[in-house]
Amino acid sequence: MDDDTGAAVRIPVTVRRIVSLVPSLTESVAATLPGALVGATDWCSHPAGLDVARVRGTKNPDLDAIRRLAPDVVLANAEENRPPDLEALREAGVAVWVTRIETVEEAFASLERMFAVACRTEPPGWLARARQAWRVPFDGPRRTAIVPIWRRPWMVVGRDTFTGDVLRRLGVDNLYAGHPERYPRIPLPELVERRPDLVVLPDEPYAFSETDGPESFPGLRCVPVSGRLLTWYGPSLVEAPALLRAALS
């Protein structure tokens, strides 16, 4: 079968050992097949108390450690993980399933395929509940936003991102959705001059907070939010619509 990138992946008939290189996929597997998850990155923070082998980060995984875990499949993402690392695992005979997710609908379809094909299990109940939660259409006035993800230098969410689609579905239009880059560097004065209705400040990858970030946007409404709700595709999708609507209202 082909993964989301079109790469052919030979998955064993029975999958008992899974390594995840993406925090949201780690949470997804832990909530669905907890006994099968044997390895995850140092950044995989959910669920709390996850007791599996750690294989460093998404961008610098310990390939030897992964091979020693003898996984039936390694789960990865086209944006989160580096192609050379994934290719090295493939060359070592490891099955690598790569997701590619840029919209909420793609998240549902990709996760369903990942569980059915790469994990050899039925799609979980939480995935159906997430689909239902996101079926509620937005019917209020639309607003504009910028979404910083880093400072020094300032970087924002640009085109074709999962985060942008999440906000769009909640009635918030990203002012940089038409930028040629997905995560462009934008000088702070330009961001302020755009005068968005909202400055959405997720707590990852940069840990924006009530006291770190809003001071840079005087006169603008700043909304710190959970990065997990805004950027993760997994069980958090069930609660994300209601919690983000409340935060952004």
Handout entry: Search result, residues across segment 102-129 that are buried (at least 16 other Cβ atoms within 10 Å of the Cβ) and more than 29 Å from Arg68 (Cβ to Cβ)
Key = Glu102, Thr103, Val104, Glu106, Ala107, Phe108, Glu112, Pro123, Trp126, Leu127
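Condition test on Pro83, is it at pLDDT 95 or above and more than 25 Å from Leu167 (Cα to Cα)? So that I can check it myself, show each step before the final result.
Values: at pLDDT 95 or above: yes; more than 25 Å from Leu167 (Cα to Cα): yes.
When the stated conditions are applied, Pro83 passes them.
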Practice task
Could you please find all residues in segment 153-199 being within 30 Å of Arg135 (Cα to Cα) and over 21 Å from the mean Cα position of the chain (by Cα)?
Solution key: Pro196, Asp197, Leu198
Exercise for the section: Could you look through segment 79-93, keep only residues that are in contact with a Leu (Cβ under 9 Å, 6 or more places away or on another chain) and surrounded by 14 or more Cβ atoms within 10 Å (Cβ to Cβ), and pick out the one that is nearest to Gly158 (Cα to Cα)? Expected result: Glu80
Problem - Residue count, segment 221-249 (criterion: in a helix (DSSP H, G or I) and out of contact with any Pro (no Cβ under 7 Å at 6 or more places or on another chain)) - result: 15
Handout entry: Every residue from segment 114-128 that is in contact with a Pro (Cβ under 9 Å, 6 or more places away or on another chain) and farther than 15 Å from Glu27 by Cβ
Key = Ala116, Arg120
Exercise for the section: For Cys44, work out the one condition from (1) over 26 Å from Ala8 (Cβ atoms); (2) surrounded by fewer than 23 Cβ atoms within 10 Å (Cβ to Cβ) it doesn't fulfil. Expected result: (2)
Handout entry: Residues being buried (at least 21 other Cβ atoms within 10 Å of the Cβ), in contact with a Ser or Thr (Cβ under 7 Å, 6 or more places away or on another chain) and not in a strand (DSSP E or B) - total across segment 176-202
Key = 1
Practice task
Identify the single condition in (1) among the β-branched types (Val, Ile, Thr); (2) within 21 Å of Arg100 (Cβ to Cβ); (3) surrounded by fewer than 16 Cβ atoms within 10 Å (Cβ to Cβ) that Thr211 does not satisfy, given that it satisfies every other one.
Solution key: (2)
Problem - Filter result for the condition that a residue is under 27 Å from Val22 (Cα atoms) and among the polar types (S, T, N, Q), over Ser236, Ser216 - result: Ser236
Exercise for the section: Would you list the helices (runs of 4 or more DSSP H) that sit entirely within segment 54-145 and hold 3 or more residues that are assigned by TED's automatic domain parsing to the domain that holds Glu27 and in contact (Cβ under 8 Å) with a residue 24 or more places away in the chain? Expected result: 63-68, 83-91, 104-113
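The values are calculated or read from the model by the stated rules, or taken from the named source; none is laboratory data. Here the structure is a predicted model, which is why all the values come from computation and not from measurement. Cβ coordinates were reconstructed from backbone atoms using ideal geometry, including for glycine residues, and neighbour counts include every protein chain displayed.
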